[in-house]
Amino acid sequence: MNLELILKELDESKTLAENRLFELLRFESISTNSKYKSDCFKTAEWLVKHLEEIGFSSSLRKTDGNPMVVAHSDGKGSDLLFYGHYDVQPIDPENLWKTKPFEPVIQDTIDGPVIRARGAADDKGQLMTFLEACRAIKTIDGKFPCKITILFEGEEETSSPSLIPFLQQNVHELKTKYALVCDTGMWDSKTPSITSSLRGMLSEEITITGPNRDLHSGLFGGAVPNPLRIISNLISNLHTEEGKVNIPKFYEGVEDTPSALLKQWEKLGSTEEIFLKKLGLSQPVGEYGFTYLEKLWSRPTCEINGLWGGYIDEGFKTVIPSKAHAKISFRLVGQQDPENIRIEFRKKLRKELPPDFEISFSNHKGSKATQFNCNSKIMAEAKKALTDEWGREAVFVGGGGSIPIVKHFKEILDMETLLVGFSLDNDQIHSPNEKYNLTSYHKGARSWVRILNNLSKSL
């Protein structure tokens, strides 16, 4: 690879790269709401066309849900697979956005210029860093340094229901030596990082039913049980005063964090006070006896993601609802088994449910945690590439979130995965006013060029 010329090409085509990302960000590819299904389809079509322009053989693959995008570079065999997702989270609450969510703009901030739009960081801006790297390589060298396969899906934000069948049906086409995923972040705006672990995930949606209809709170209040109060009591019993999750057998399979990683995290020099201050908070929570980085990267959690019932629109309606609902998620570590936790969770709630009430559960798939080998060849080459580009030693960090595709790559395709991303903690992913730093976008593309250069020499 003509490394320096390729990097120069990226520097000289920044504006064009930004324009291409803006085109992608304008698609309202919200996968959690079926009314945006056509928008997701149009987004996939745009990516197919874009990949063809770069020099890939690209196609749209239909599924029972939103389509997959698959592309291949020239050459025999397949050495690397890059994965990303083109779907985005809903924009709710829309009134908190200071700009239009799907009309991207560049704004100046105290941290430098940023791209403001839904999907800017999760995951459209991230996947475009790789595509811009590929475009620059093809422009200068006329070919790619190795055979590259691209896989983009449109259902990541809805737990990827079509992904496993698609991988199983296309093993021979998609299997490569390594998988590359750009859906993670940096330690800070100047320090690149490689994710060395991911927490697993279990989601549960519950509905409890009490009275056989909604009731007037003046005529019935105080004499009949209120489902909202009951569900609040159930939820309040999910944690102990010491911050532990109060579910039997929950901590089975939780492992101690390796001392070498703990020492590296200590050297990062961050504190819980600094972390909370960025969020406008001051009081820590969580398990006693653990640092905040351990709580985020290597300890399991239980969080309430939604709680509702009764009348929630504008104005007031004095009603005792017949039903109450909650969405609860668990982040898992080590060898925790999501299905065992699901059983114990449901057993606990049924046991604590008062007489005359019924409870139902929506079954969402769970995934186990993932641990990577920090001493592997791909990790070493990526760390060197990132260090060279950013001028600071890249660090291994834990991933607080869950990226199920990594587990699927290992179990279905038997592939090792490299997780490198360029988002920041303040990118407001899944929240109003999502952004992506221009530096993340441009240097992210340069980083992928360096990573591909290093990896191609050892494939």
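Every number in this text was worked out from the coordinates using simple rules, so none of it is lab data. None of these values were measured; they are calculated from a predicted model. We place every Cβ from the backbone using ideal geometry, glycine too, and count neighbours over all the protein chains shown.
Quick notes on this structure:
- q = 0.10, 0.11, 0.19 Å⁻¹, the range 1-152: log10 I(q)/I(0) [Debye, one scatterer per Cα]: -0.38, -0.46, -1.20
- Cα gyration tensor shape of the range 19-66, rounded if a/c is under 1.5, else prolate or oblate by comparing a/b with b/c: oblate
- Within the range 178-252, GluC sites (Glu not before Pro) in DSSP loop having at most 13 other beta-carbon neighbours inside 10 Å: 241, 242, 252
- A simple packing score, the average count of other Cβ atoms within 10 Å per residue, orders the peptides 357-365, 182-190, 232-240 as 182-190, 232-240, 357-365, with the highest score first.
- Extreme residue, positive dipole direction of the chain, given options 90, 341, 437 (C-beta unit charges): 341
- For residue 416, the shell of other residues with beta-carbons less than 10 Å away shows a net charge of +2, using +1 for Lys and Arg and -1 for Asp and Glu.
- The range 361-459: C-alpha gyration tensor shape, a/c 1.5 cut-off, then a/b vs b/c: oblate
- Charged-residue dipole, Cβ positions (Lys, Arg, Asp, Glu), the range 360-459 about Cα centre, Debye nearest 20: 160 debye
- Residue-count net charge about residue 72 - beta-carbon cut-off 13 Å; Lys, Arg +1, Asp, Glu -1: 0
- Other residues with beta-carbon under 11 Å from the beta-carbon of residue 166 carry, at +1 per Lys or Arg and -1 per Asp or Glu, a net charge of -2.
- Where labels lie 7 Å past Cα in the beta-carbon direction, separation of residue 103 and residue 173 in nm: 3.9 nm
- Rounded to the nearest whole angstrom, the semi-axes of the ellipsoid equivalent to the range 326-383, taken from the Cα gyration tensor as √(5λ), stand at 39, 10, 8, largest first.
- Note on residue 303/residue 214: beta-carbon distance plugged into 1/(1 + (r/R0)^6) with R0 of 22 Å gives a FRET efficiency of 0.15.
- Taking every DSSP helix (H) stretch of at least 4 residues in the chain, weighting each as -39,500 (n - 2.57) and dividing the sum by the residue count yields a mean residue ellipticity at 222 nm of -10500 deg cm²/dmol.
- In the structure shown, the pairs 100/138; 14/407; 147/377; 98/365; 295/383; 244/435 are assessed against 29 Å; a Cα-Cα span above that value is assigned to 100/138; 14/407; 98/365; 244/435.
- Only Cα pairs under 8 Å and 6+ residues apart enter the sum, and on that basis the relative contact order of the chain stands at 26 percent.
- Cα shape, the range 404-449, gyration tensor, a/c 1.5 rule: oblate
- Radius of gyration, Dmax [the range 57-129; alpha carbons; angstrom]: 16.5, 51
- Overall dimensions of the range 381-426 by Cα: Rg and Dmax, Å: 13.0, 37
- DSSP bridge analysis restricted to the chain gives an antiparallel fraction near 70%, rounded to the nearest 5.
- Taking the DSSP beta bridges with both ends in the range 13-165, the antiparallel portion is around 65 percent.
- Across the alpha-carbon atoms of the range 80-211, the computed radius of gyration and Dmax are 18.6, 70 angstrom.
- The Cα atoms of the chain define a convex hull whose projected area, averaged across directions, is 22.9 nm².
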